[in-house]
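Okay, structure first, notes after.
The values are calculated or read from the model by the stated rules, or taken from the named source; none is laboratory data. Not measured: the values here are computed from a predicted model. Cβ coordinates were reconstructed from backbone atoms using ideal geometry, including for glycine residues, and neighbour counts include every protein chain displayed. These accessible areas exclude ligands, DNA and RNA; they are computed on the full protein's heavy atoms, side chains included. Shrake-Rupley method; radii C 1.70, N 1.55, O 1.52, S 1.80 Å.
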Amino acid sequence: MKEFPAETYALPFFKQEGFIRKQCPKCGEHFWTQDANQEYCGESSSDECGCYTFLKDPPTKKRFTLPEMREAFLSFFEKQGHTRIKPYPVVARWRSDIYLTHASIIDFQPYVTEGIAPPPANPLVISQPSIRLTDISNTGPTFGRHLTIFEMGGAHAFNYPDKEIYWKDETVRYHHEFATKVLGIKSEEVIYKEGVWVGGGNAGPDVECIVRGLEVGTLVFMQYKVVGDEFVELPIRTVDTGYGIDRFAWISQGVPSCFQAIYGDLLDKVLDMANIAKVDDEFLFRIAKFSGLVSVDKMANRLVTRRRVSELSGIDLATIDKVLIPIENAWAVTDHTKTLSFMLSEGVVPSNIQEGYLARMLFRRVYRLLRNLNMNIDRLYDIVELQADYWGKDFPQIKAMRDEIVEMLKVEQEKFEDTLKRGEGIVKRIAEDLKGKNTCKISDETLSELYDSHGLPPEIVKEFAEKEGIKVDIPENFFSLVAKRHMQANKLAEDEQTQVEHSLASAVEGLPPTEQLYYTDTYMREFEATILKIINNEFIVLNRTCFYPEGGGQPADHGYFAYDGGVRAEVVDVQKIGKVILHKIKTETLPKIGSTVQGILDWEKRYALMKAHTGTHLINGAARRVLGEHVWQAGTQKGVETTRIDISHYRRLTHAEVHRIETLANEAVLANISVETAWLPRNEAESRYGFRLYQGGAVPGKDIRVVKTGNWDVEACAGTHLRNTGEIGYIKIRSTERVQDGVERLVYSVGMQAVKAVQAQEQLLWTVAEVLNAPLEKLDKTAERLVKELRDANLEKRRLLKELATKESAVASGIGTADVQEEIEGVKLIKRDFGEVTDVNRMVQTANEIIKRNNAVVTLFYGADGKTARIMIMAGDVAVAKGVNASDVVKFAAPVFGGGGGGRPNFAQGGGTKLEKLKEAVQVAEETIKRQISH
RNA sequence: GGGCUGGUAGUUCAGUUGGCAUGAACGCUUGACUUGCACUCAAGAGGUCGGGGGUUCAAAUCCCCCCCAGUCCA
């Protein structure tokens with residue numbers, strides 16, 4: 001890892017306050033302390049540089065609950081001139097590179113940190129609930145040092161080249177003042193470790209704050225961009241501090257685990273449900289002191305660290321495992337259910353993709369934990385209700401969404417139980433198969449396939465398999481085996497389009513922002529503008545335009561430019577790069593730079609798209625009303641003929657729901673609601689309408705454009721909209737499909753296209769009615785009747801076929817003359833020409849009936865329709881015993897009439913196309929059979 | 001977004017190298033025997049082998065496309 005020179009950390013603050021720089025003899029890292037006797041860096045980690053000494057003896061002047069600590073943090077920084085910002089959602093909908101908000105800085109990336117948009121305030125302070133699922137296996141064993149959800153206190157300052165807010169020295173001073181003055185920690189008990197922080201493509205030096213063995217905060221000075229192996233200076237240097245609000249609360253309370261500090265009586269209730277007797281705090285304290293050493297990366301590691309904890313605490317390993325594991329599991333349940341509550345309250349629907357998959361993973365883990373605790377799964381819902389009450393005060397959406405959260409989890413439970421049930425069957429069959437092969441162990445290969453393809457974790461396979469008496473050894477490197485299965489996939493390189501974009505981006509540099517006339521008046525169809533630049537002889541940049549560039553699921557406008565008294569250039573595409581709009585044109589003669597052009601929109605197309613876009617907002621609002629608050633737009637594509645929106649929902653849409661959505665949306669059309677668009681400062685928009693604004697991902701900029709459709713729907717949207725919903729005319733939902741588990745797609749048309757859609761469907765009905773020769777209103781009954789009749793007819797056909805076969809066989813075995821019969825050494829050969837019938841089924845039925853009566857029979861049936869000839873031979877057991885091999889017979893005979901065939905000794909069939917040679921082939925077959933018998 | 005499974009009777013599933021779906025179990029119907037916890041016995045009904053193309057004399061089986069379901073990873 002890259003290191004920074006020592007002077008990077010030599011802050012005036014340290015010197016003034018008498019801090020000494022030391023190197024920890026255990027971990028080798030440098031740290032700053034006021035205590036000359038401080039030998040080690042003090043951090044309780046696997047290097048064992050220290051242990052927790054805040055337990056039972058908090059270093060703070062008083063105990064803080066989590067909300068109290070949050071408030072202390074926020075108000076302290078407010079007093080230092082920081083603006084308090086409301087927490088952002090835990091689902092990072094404004095970013096395409098990550099799903100969850102895992103730090104406070106995430107809120108301001110990339111728009112703020114890259115200088116695209118100004119920060120909502122500067123400096124600012126926020127307490128951001130953050131989710132980190134990478135810490136999931138450590139949640140519990142580390143006594144709450146790792147949590148899947150925690151609050152990160154972020155005090156951020158964004159330093160621009162022309163405007164410095166504050167940097168390293170002030171940052172550390174603020175921290176120190178907070179720790180000592182606000183919380184009352186003794187100054188010499190705060191140790192600052194030097195470090196290097198790298199993450200999300202950025203990097204910089206950092207200072208880690210250690211108090212009594214625990215890292216309570218990290219002060220990051222983000223100033224580089226990581227390019228390959230190099231650190232490149234960023235224009236904006238960002239103070240990125242992460243105060244562990246939960247950890248601060250923990251040390252202030254001195255309780256054995258962070259869970260107790262966060263959850264208080266909620267945790268007691270969970271332990272109670274788990275039937276864990278009143279936990280002996282003394283026991284926990286003894287282990288907690290050394291819990292900093294624990295970090296579970298692998299199963300093996302866990303055992304090693306446990307052993308070490310046992311040595312240090314003097315408690316034997318068996319007791320630790322027996323008493324501690326259930327408690328750890330209960331802690332994890334408490335933590336994971338909070339995470340789930342937060343995620344689901346923001347409309348994450350458990351699914352098999354993206355953040356939905358993370359929710360599913362989390363749920364399944366909780367499910368297994370509850371099972372390990374011998375708890376009824378239904379207790380999960382009790383715990384979620386507790387969480388909703390507990391967090392509802394500070395995060396009201398959790399309380400508001402409580403019922404929907406429970407509903408989604410119940411659906412998820414059903415799905416997982418189905419998976420388990422299916423899995424049990426699969427394991428059972430595998431077990432039986434193995435027993436048949438005299439093996440009693442499931443291979444690693446099978447084990448990883450069961451997990452990868454069927455979602456069965458190895459420990460569950462083990463459980464199922466052992467019921468069947470089959471052994472399962474879970475390999476240490478199980479998950480790397482699974483990973484290996486995924487190795488093959490390698491992504492294609494960046495496509496050409498991005499490269500083109502890059503070259504265009506540099507071409508527009510320095511150009512002024514294009515004036516967006518389509519915002520001034522969305523109904524403007526013509527305009528005049530001046531040409532600023534022509535790029536690659538095909539992209540035209542104007543000073544202003546009413547051509548809408550592709551974005552937000554709305555396709556680019558088309559139309560043409562007119563110039564030089566009659567020259568026309570088709571506008572075939574419009575893209576926006578930064579703040580500059582490029583028109584891609586097709587023309588013979590280019591206009592001159594600086595000249596004036598007239599722009600004329602393809603208004604029919606644009607107006608249709610406006611209807612589609614406003615209609616999409618109505619559908620979205622209607623879906624939310626019908627299905628619930630968890631509904632979010634997961635993507636949309638407007639079109640002239642059809643438009644689609646993908647929404648998150650945990651069940652398949654029913655026809656009734658689709659109709660209700662359609663009805664509601666059309667009611668909104670008929671109500672002729674006026675659509676208001678306004679540019680609002682980001683903070684104002686967010687505080688007035690909430691983060692639900694970001695249906696299509698967050699939008700950059702200091703001000704955001706809010707499109708409000710009465711009280712029906714509000715979205716941050718850059719699209720062109722109608723003045724009134726009535727202009728849409730009519731919305732018709734044409735179809736729905738499930739794009740992924742948890743994502744439903746609605747496809748619809750608006751205006752005249754909707755009328756056309758209805759007409760097309762009606763036409764279909766008319767055609768069907770005509771074909772069935774039934775009146776429209778009786779179509780359903782007629783179809784039902786016809787299907788039933790067809791079914792009956794098929795049954796009758798089969799019955800008759802059998803009857804026929806029985807009769808024919810009766811004829812064959814005795815009296816009839818239709819067959820040629822011959823007896824060879826006790827085997828009767830029955831030869832029959834089926835004429836035009838080549839239905840093998842019928843031949844088979846007949847032959848079966850004959851052989852049922854007499855085992856010592858060989859049937860030689862043949863027939864030919866206009867195209868192919870067919871031969872079928874069946875032999876009874878006795879005949880086979882005497883040497884008849886039907887398969888060989890056919891193999892000899894079929895080539896004669898230009899085909900092939902085969903089968904088994906007792907049955908074979910063949911076919912060919914040289915119809916005229918059929919007789920010859922039959923003769924060959926007959927001779928072969930005779931030869932076989934006499935052998 | 002990328003991968004992997006699977007779709008055959010009402011249900012859970014077999015179905016070898018393409019060659020009879022006389023498919024298995026459970027469930028169902030009828031009858032007999034029993035009235036005690038998956039009763040037993042006998043007989044019977046029940047299938048566009050997910051859909052559409054292709055290869056072949058012949059496709060549940062091989063190839064292509066689509067649909068549906070499950071699942072892992074980013």
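What the table below lists for this structure:
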| item | result |
| --- | --- |
| Residue-span extension gain [A:Ala783 to A:Lys181] - 0.36 nm each, minus C-alpha spacing | 208.5 nm |
| Potential lengthening between A:Ala121 and A:His655 on full extension [0.36 nm per residue; Cα-Cα distance subtracted] | 187.5 nm |
| Set of aspartates and glutamates near A:Lys756 by C-alpha distance (under 13 Å), chain-local residues within fewer than 8 positions excluded | A:Glu641 |
| Part-to-part distance (alpha-carbon centres) for the stretch A:702-739 and the stretch A:638-700, which is given in Å | 5 Å |
| Computed magnitude of the charge dipole of the stretch A:607-763 (debye, nearest 20; Cβ of K, R +1, Cβ of D, E -1) | 80 debye |
| Surface accessible to a 1.4 Å probe, per residue, for the residues of chain A, Å² | 46 Å² |
| Under-5 Å amide H pairs with A:Asp741, H placed in peptide plane, nonlocal only | A:Asn352 |
| Segment A:Asp703-A:Lys410, length gained on full extension (0.36 nm per residue, minus Cα span) | 101.4 nm |
| Residue-wise HN-Hα coupling along the stretch A:750-759, computed from phi with Karplus coefficients 6.51, -1.76, 1.60 (Hz; x: Gly, Pro) | 10, x, 5, 4, 5, 4, 4, 4, 5, 5 |
| Relative contact order (%) - criterion: Cα under 8 Å, at least six apart; region: the stretch A:6-262 | 23 percent |
| Calculated FRET efficiency for the pair A:Gln821/A:Gln923, C-beta based, R₀ 22 Å, to 0.05 | 0.85 |
| Over chain A, relative contact order from alpha-carbon pairs under 8 Å, at least 6 apart, % | 7 percent |
| Using θ = phi - 60° and Karplus 6.51 cos²θ - 1.76 cosθ + 1.60, couplings along the stretch A:50-60 (whole Hz; Gly, Pro as x) | x, 9, 6, 10, 8, 5, 6, 9, x, x, 8 |
| Pairs beyond 23 Å (Cα-Cα), from A:Lys163/A:Lys576; A:Lys2/A:Lys225; A:Lys278/A:Lys410 | A:Lys163/A:Lys576; A:Lys278/A:Lys410 |
| Computed [θ] at 222 nm, helices only, for chain A once each DSSP H run of length n ≥ 4 contributes -39500 (n - 2.57) | -12500 deg cm²/dmol |
| Rounded accessible area of A:Val304 (nearest 10 Å², 1.4 Å probe) | 90 Å² |
| For the stretch A:193-236 and the stretch A:111-175, distance of Cα centres in Å | 11 Å |
| With 5 Å bins from 0: P(r) over the stretch A:496-601, alpha-carbon pairs, percent | 2, 13, 25, 29, 19, 10, 3, 0 |
| Percent accessible area from carbon and sulfur atoms, chain A, protein chains only, probe 1.4 Å | 50 percent |
| Within-10-Å neighbourhood charge of A:Tyr748 [Cβ basis; K, R +1; D, E -1] | +2 |
| Neighbour cut-off at most 10 other Cβ (10 Å), DSSP loop, trypsin sites (Lys or Arg not before Pro), the stretch A:833-935 | A:Lys867 |
| At most 16 other Cβ within 10 Å, DSSP loop - GluC sites (Glu not before Pro), the stretch A:514-607 | A:Glu538, A:Glu550, A:Glu588 |
| Long-range amide H partners of A:Ile577 with built H, under 5 Å | A:Leu582 |
| Label-point separation, A:Ser687 to A:Lys533 (7 Å along Cα→Cβ), nm | 3.9 nm |
| Amide H contacts of A:Thr514 (H built 1.01 Å from N, under 5 Å, at least 5 apart or other chain) | A:Val580, A:Ile581 |
| A:Ala277-A:Lys2 FRET efficiency (beta carbon distance; Förster radius 56 Å; 0.05 resolution) | 0.65 |
| R0 of 45 Å, Cβ-Cβ distance A:Glu114-A:Lys471: FRET efficiency to nearest 0.05 | 0.20 |
| Chain A: angle of helix A:299-313 to the longest principal axis, Cα-based, in degrees nearest 10 | 40 degrees |
| Cross-link pairs A:Lys289/A:Lys393; A:Lys168/A:Lys193; A:Lys168/A:Lys289 - those with Cα-Cα distance over 21 Å | A:Lys289/A:Lys393; A:Lys168/A:Lys289 |
| Square roots of five times the Cα gyration tensor eigenvalues for chain A, Å | 66, 46, 27 |
| The stretch A:839-866 versus the stretch A:92-106: alpha-carbon centroid distance in Å | 71 Å |
| Considering only chain A, percent of DSSP beta bridges that pair antiparallel, nearest 5 | 90 percent |
| Under 18 Å from the Cα of A:Lys917 - aspartates and glutamates, other chains or at least 8 residues apart | A:Asp833, A:Glu836, A:Asp865, A:Glu926, A:Glu927 |
| Charge dipole magnitude, Cβ of K and R +1, D and E -1 - chain A, Cα centre, debye nearest 20 | 1840 debye |
| Spatially proximal lysines relative to A:Lys778 (Cα-Cα < 16 Å; intrachain offsets below 8 disregarded) | A:Lys788 |
| Low-density loop cleavage sites - GluC sites (Glu not before Pro) in the stretch A:632-672, where at most 14 other Cβ are within 10 Å (DSSP) | A:Glu641 |
| Estimated vicinal HN-Hα couplings, Hz - the stretch A:583-598 in sequence order (Karplus 6.51, -1.76, 1.60; Gly, Pro = x) | 9, 8, 10, 10, 7, 7, 10, 7, x, 8, 5, x, 7, 9, 10, 9 |
